[in-house]
Amino acid sequence: MTTTRDLENLLRQSAEGDMDAFERLYHATSAKLFGIVLRILKNRAQSEDALQDIYVRVWQNAGDFEPGRSSIITWMATIARNRAIDIVRRRKPETDMDDREVEALVSSNNIFDEVALASDMRALDHCMGGLEEDRRKMIRLAYLEGWSRAELADLFAQPVGTIKTWLHRSLRQLKECLGS
């Protein structure tokens, strides 16, 4: 688990040009920022493209972060949210949305969404507890940390095909548990 202080140190090192620190910052924060962007854009491909732009902006503005003004994750989430809003506004001629509609879409992450998310997370934690320890770790690395199947195969000393099978079966087990 990466602490706020760890993230701040990684950002500071990134501001000094440390690409390794920036890569670690990316791995520690990209899942959260991707979730924010995906909720706004509702399009996986656009969200992936936006995430690249977001991290370019984080890299370019790393030296501007002021720890006393906000937490690092809030600062990064604001960059992500603003980029996603820019994309939605750019889509405006196609979708004919006015600024109020864009703001309503973005601010739909209200208390009801937060409560639902917390409930979903508790259910997911419960279901993850039903997986074998190595499968739990594999799911977290693949879907929260973004590890490739090849990286997982190296870590677990298994062929890529076996990793894919284990992930598929684990996801099916989670889906069955969450569906009940």
Next item on the list: Those residues that are free of Cβ contacts under 8 Å to residues at least 12 places away in the same chain and closer than 18 Å to THR2 by Cβ, I need them from segment 31-46; list them, please.
Entry: GLY35
Notebook entry, point to check: Do we find that ALA157 is over 21 Å from the mean Cα position of the chain (by Cα), closer than 27 Å to LEU25 by Cβ and modelled with pLDDT of 90 or more in this structure?
Noted result: no
Margin query: Being touching a helix residue (DSSP H, G or I) at 6+ places or on another chain (Cβ under 7 Å) and of a type in the set (Lys, Arg) is the filter here; which residues of segment 54-93 pass it?
Written below: ARG57, ARG81, ARG83, ARG89
Note to self: For LYS92, only one of the following conditions fails: (1) modelled with pLDDT of 80 or more; (2) surrounded by 10 or more Cβ atoms within 10 Å (Cβ to Cβ); (3) over 15 Å from the mean Cα position of the chain (by Cα). What is its number?
What the structure shows: (1)
Checklist line | Residue count, segment 26-47 (criterion: buried (at least 18 other Cβ atoms within 10 Å of the Cβ) and among the charged types (D, E, K, R)) | finding: 0
Notebook entry, point to check: Do the conditions hold for ILE79, that is, is it surrounded by 13 or more Cβ atoms within 10 Å (Cβ to Cβ), out of contact with any Pro (no Cβ under 9 Å at 6 or more places or on another chain), under 21 Å from THR2 (Cα atoms) and modelled with pLDDT of 85 or more?
Noted result: yes
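Collect the residues in segment 121-135 that are surrounded by 15 or more Cβ atoms within 10 Å (Cβ to Cβ) and closer than 29 Å to LEU25 by Cβ, keeping them in residue-number order.
MET128, LEU131, ARG135
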Next item on the list: Considering each residue of segment 51-64, count those that are surrounded by fewer than 18 Cβ atoms within 10 Å (Cβ to Cβ) and not charged (D, E, K, R), and give that number.
Entry: 6
Next item on the list: Scan segment 47-74 residue by residue and report those that are touching a residue at least 60 places away in the same chain (Cβ under 8 Å) and of a type in the set (A, V, I, L, M).
Entry: ILE72, ILE73
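The values are calculated or read from the model by the stated rules, or taken from the named source; none is laboratory data. Fair warning: this is a prediction, and the values are worked out from it, not measured in the lab. Methodologically, a virtual Cβ is constructed for each residue, glycine included, from the backbone with ideal geometry; neighbour enumeration extends over all protein chains shown.
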